[in-house]
1. Name the residue that is farthest from G9 (Cα to Cα), counting only residues in segment 35-83 that are crowded, with 17+ Cβ neighbours inside 10 Å and of a type in the set (D, E).
2. Of the residues in segment 43-82, how many are assigned to a loop (DSSP other than H, G, I, E, B), in contact with a strand residue (DSSP E or B) (Cβ under 8 Å, 6 or more places away or on another chain) and basic (K, R)?
3. How many of the residues making up segment 6-20 are exposed (fewer than 15 other Cβ atoms within 10 Å of the Cβ) and in contact (Cβ under 8 Å) with a residue 40 or more places away in the chain?
4. What are the pairs with Cβ atoms under 6 angstrom where one residue, in segment 193-214, is touching a residue at least 40 places away in the same chain (Cβ under 8 Å) and the other, located anywhere, is of a type in the set (K, R)? Sequence gap at least six, or different chains.
5. Do we find a residue being outside any helix (DSSP H, G or I) and either touching an Asp or Glu at 6+ places or on another chain (Cβ under 6 Å) or aromatic (F, W, Y) (or both) anywhere in segment 17-40?
6. For the structure I just gave you, tell me whether L146 is outside the structural domain of R83 (by TED's automatic domain parsing), without any contact (Cβ under 8 Å) to a residue 40 or more places away in the chain, touching a Leu at 6+ places or on another chain (Cβ under 9 Å) and not polar (S, T, N, Q).
Amino acid sequence: MVTFARGLGIQDQIQARLQAYGCTVHSNPVLDHQHKLDFVLTQFPDSQRVFGLGVQITLRLNDPAKLQQFDQANCDERRVTERALYIELSGGIDLDTGGSLAVFNVLSSFVFDRHYMGVKVMGALINNDLTYSFFDVKERATELILAAEKATRGPTVPVTKQLTSTLQAVMTGQRAELAGYVHAFSRAKNIGFITGANGCTYFFSRNAVIDDRLDIRLNSLPYSERPLPTQLPVRFADLGKQRGDEKYNSAGRVELEP
């Protein structure tokens, strides 16, 4: 029985199965390495219509870095195909027991379902029972990043729609990083304040720190309920006010200045 092998074999086997079904599929190293596309599907069986659907297949479920790379490589300015689809496969799927047909169904659903007609970039998960569901790639990457920070760090900044959209802007390079220094931090409360190079003050919580070096420096400060003075040079993103009653803008993705 042929099962999904690790690495490039997965994409090669699926591409061969799609061609056996009558699909027209193209692939080359440039699509793979520069645009994160394993292949491009241009025609379905018995159809004269030409499509431009870029596809990436992966066994790595819920990988925020991989999701983010795919989204950035296929954003409006960089996308080389009309549309792009990121497909996650659960590890127990087998080609000979419907796995390849499930991939074909996902591809055809995304192309022909009117619900997705205006969507340029989308993700899909195929489960072991061959059911599938679609998801927003950018939203999934952001949710995974926030969940990871919440699980590993202290008190969190409330996850608002504004915060989610701002993090997406930071990931896609639409929001510039700022320089400054941490001028006060409380280890007991895991909160601190940054003075930006622009002279503004920013609030941050420990979950906003993305740099292990900065974590170590903060842990070396005396334990205190009251924020103690310090001067640690950092770079960060201005997330704005997460609630209307906040005095300071929040800082996100805080890291030690190189």
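The values are calculated or read from the model by the stated rules, or taken from the named source; none is laboratory data. If you're wondering where the values come from, they're calculated on a predicted model, not measured in any experiment. Using ideal geometry, Cβ is built from the backbone for each residue, glycine included, and neighbour counts are taken over all protein chains shown.
1. Looking at residues that are crowded, with 17+ Cβ neighbours inside 10 Å and of a type in the set (D, E), I get D71.
2. The number of residues fulfilling the criteria is 3.
3. Residues in segment 6-20 being exposed (fewer than 15 other Cβ atoms within 10 Å of the Cβ) and in contact (Cβ under 8 Å) with a residue 40 or more places away in the chain: 1 in total.
4. R206/R153; N207/R153; I210/R253
5. Yes, some residue in segment 17-40 is outside any helix (DSSP H, G or I) and either touching an Asp or Glu at 6+ places or on another chain (Cβ under 6 Å) or aromatic (F, W, Y) (or both).
6. Values: outside the structural domain of R83 (by TED's automatic domain parsing): yes; without any contact (Cβ under 8 Å) to a residue 40 or more places away in the chain: yes; touching a Leu at 6+ places or on another chain (Cβ under 9 Å): yes; not polar (S, T, N, Q): yes.
Taking the combined requirement at face value, the residue satisfies it.
Yes or no, residue by residue, for (1) among the aromatic types (F, W, Y); (2) surrounded by 15 or more Cβ atoms within 10 Å (Cβ to Cβ); (3) over 30 Å from R17 (Cβ atoms); (4) modelled with pLDDT of 95 or more:
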{"residue": "T97", "(1), (2), (3), (4)": "no, no, no, no"}
{"residue": "R114", "(1), (2), (3), (4)": "no, no, no, no"}
{"residue": "M122", "(1), (2), (3), (4)": "no, yes, no, yes"}
{"residue": "K138", "(1), (2), (3), (4)": "no, yes, no, no"}
{"residue": "T156", "(1), (2), (3), (4)": "no, yes, yes, no"}
{"residue": "V170", "(1), (2), (3), (4)": "no, yes, yes, no"}
{"residue": "A176", "(1), (2), (3), (4)": "no, no, yes, no"}
{"residue": "I194", "(1), (2), (3), (4)": "no, yes, yes, yes"}
{"residue": "N207", "(1), (2), (3), (4)": "no, yes, yes, no"}
